[in-house]
1. When a footprinting reagent is the concern and you count Cβ atoms within 10 Å, what order do LEU86, LEU168 take, fewest first?
2. In what sequence, highest mean first, do 405-415, 345-355 appear when ranked by Cβ atoms within 10 angstrom?
3. Which ordering of CYS261, CYS43 is given by a fewest-first count of other beta-carbon atoms within 10 Å?
4. Which whole-Hz couplings ³J(HN,Hα) result when phi for each residue of segment 26-42 is put into the Karplus expression 6.51 cos²θ - 1.76 cosθ + 1.60, θ = phi - 60°, listed in order with x for Gly and Pro?
5. So which of LYS102/LYS457; LYS108/LYS449; LYS332/LYS386; LYS122/LYS144; LYS108/LYS140 end up more than 21 Å apart, counting from Cα to Cα?
6. Multiply the residue separation of LEU22 and TYR293 by 0.36 nm, subtract the distance between their alpha-carbon atoms, and state the gained length in nm to one decimal.
7. Tell me, what HN-Hα J-couplings in whole Hz come from the Karplus equation 6.51 cos²θ - 1.76 cosθ + 1.60 at θ = phi - 60° for each residue of segment 373-378, using x for Gly and Pro?
8. At a Förster distance of 60 Å, what's the computed FRET efficiency of LYS122 paired with LEU499, Cβ-Cβ distance as r, to 0.05?
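All of the numbers you see were taken from the coordinates with simple rules; none came from a lab. Given the structure is predicted, the values throughout are model-derived calculations rather than measurements. Neighbour counts are summed over all protein chains in view; Cβ atoms, including those assigned to glycine, are modelled from backbone coordinates with ideal geometry.
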Amino acid sequence: ENILQLVMTENVARRNVLLMFLWHDVFVSRRFRDFLQEGMRVCVIINNRYGVFQVLYNQARPDGDKGLDLVNWWSNKEGMFHSPLLPPAIKTYQNFNGRIFKVPVLHKPPWNFVIYSNVTNKIEVQGGRDDKLLSLLANKLNFKYEYFDPPDRSQGSAIINGSMQGVLGLIWQRDVEMFIGDLTVTYERSLAVEFSFLTLTDSEVFLTHSPGRLNEALALIRPFQWQVWPAVLTTVLLAGPLLYALVLSANRWSSTKSNLCDCIWITTTIFLRQSIPQSYAPSRVRILMVTLYLVSTYVIGDMYSANLTSMLARPAREKPISNLEQLYHAMKYSGYQLLVEKHSASHAVLENGTGLYKSIWEKMKSQVIYLIESTEEGMLLVRDQKNVALIGGRETFLYETRRFGAHHFHLSEKLYTRYSAIALQIGCPFLHNFNDILMRLFEAGVLTKMTQEEYRKLEDTRPSNEEKKDVGEGRGHTESEDTHRMAASMEMLQGAFFLLLTGYAVAGLILLAELCSIGKFSRTKMKTSEMKSNICKKI
């Protein structure tokens, strides 16, 4: 009795551990039976009469009651009645005989659709992928289930200070037998519960608002980014001295009418695609000028025109945030906020992570809000605000983006692979029965088909006139958000007027500087002439 009590309080019952007791009384005490749990494997051997030993076992029935049943015996004359000594669990639990399980359920589309009633405090499950899967398991193994609303309405992430929150905490305390939902397998969770064969192969991603359009008025200068301008300026500056050197070499390095400034101005005029009043006789100079014309016209000009046409046809968008490095940079310098569902697998990864995950978690803790109650709450915040991101499972996000409008969201690159499974009590005797069915469903593609069926139902419920779009993902932009036709606006032409205004302003400043310099030079010249005249008069 003390041993069973210790096993129960320390929660060390395991499926591969068999506790065998030799009982000297005829009947097993009630206190001993009260300490029995279904996850324990307890075998009691009773010597009720001389030469005969009875073998009692607690996992001989699939009803889950605390009890010991006679499964075998041994006598001096006949030996063991049958072999093996104990019945295998996979045969015992292949038929539950209508056993009723209490199963906690959480609202998380498309896995479970739950409607909560604030008046009656009751819930109604209206389907979902995992609801169908649980129904299939119940029909196959002949058991029934009743959903109930868990008190915390969260999954649970890890054992902290000897306790665990969420539905996994109920399983860890052996209050319920199982939980099925979008439950990711993690090391911290595996210390509290036992997982079945995988029910979903998913990826970890984060969700941001869709990249906004860049200013169309700046489309004229956007094809030339800052990396291009140094090469263009270097070409313009080197072309002038090269032309001057060719002119000098043609005149046998003697002085000419054209100076270096004139040659630089001529090459600048060529790149601006304007006419040149000067003409040069040497062929080498003409060849260089023709080459500069070709470069400015067919290389720089045409490439610029092609890029400009492409950008005007499909307006450019902001660069999306696609990986953790970019997300951390945005959180550090752009005021981005990252949200995570409370007591989820993503919450545990961020809280217990190292390196970049640790840095992101430290930034999150400085936010006003960083833990949310449900994925839907985070989706609404990401949709309505541009500086909010949400981390979680990719499959859940794909479904939710179709519900709330795919054009509002953008998915990042896949961070890592994660797997979902059914959570059971540690030492659960019917784990192999569940795994056998799940493996067959997985190999036959039934699980994938059930998931796709939920997507198809969502498409059927959407209005027929609503444009169907896919969410942008990874480094690219949203695929179909700019393919629809739209009327041209004057905003696209503002850039030309901005450039013209800038040119006028620069020309005006240069003219003003020339006038000032000419006036200063004339005043200096007048003073010099007056001084000379005064000196001459004195002489």
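1. Working: LEU86 16, LEU168 27.
In increasing order of surrounding Cβ atoms, one gets LEU86, LEU168.
2. Values: 405-415: 19.6, 345-355: 17.6.
Top of the packing list down: 405-415, 345-355.
3. Fewest to most other Cβ atoms nearby, the residues stand as CYS261, CYS43.
4. 6, 10, 7, 5, 5, 5, 5, 5, 5, 7, 6, 10, 5, x, 7, 10, 10
5. Working: LYS102/LYS457 28 Å; LYS108/LYS449 19 Å; LYS332/LYS386 15 Å; LYS122/LYS144 19 Å; LYS108/LYS140 25 Å.
As for pairs spanning more than 21 Å Cα to Cα, those are LYS102/LYS457; LYS108/LYS140.
6. Details: separation 271, 0.36 × 271 = 97.56 nm, distance 10.36 nm.
Gain on extension, LEU22 to TYR293, equals 87.2 nm.
7. 7, 8, 5, 4, 4, x
8. On the way: r = 67 Å, r/R0 = 1.12.
E between LYS122 and LEU499, to the nearest 0.05, is 0.35.
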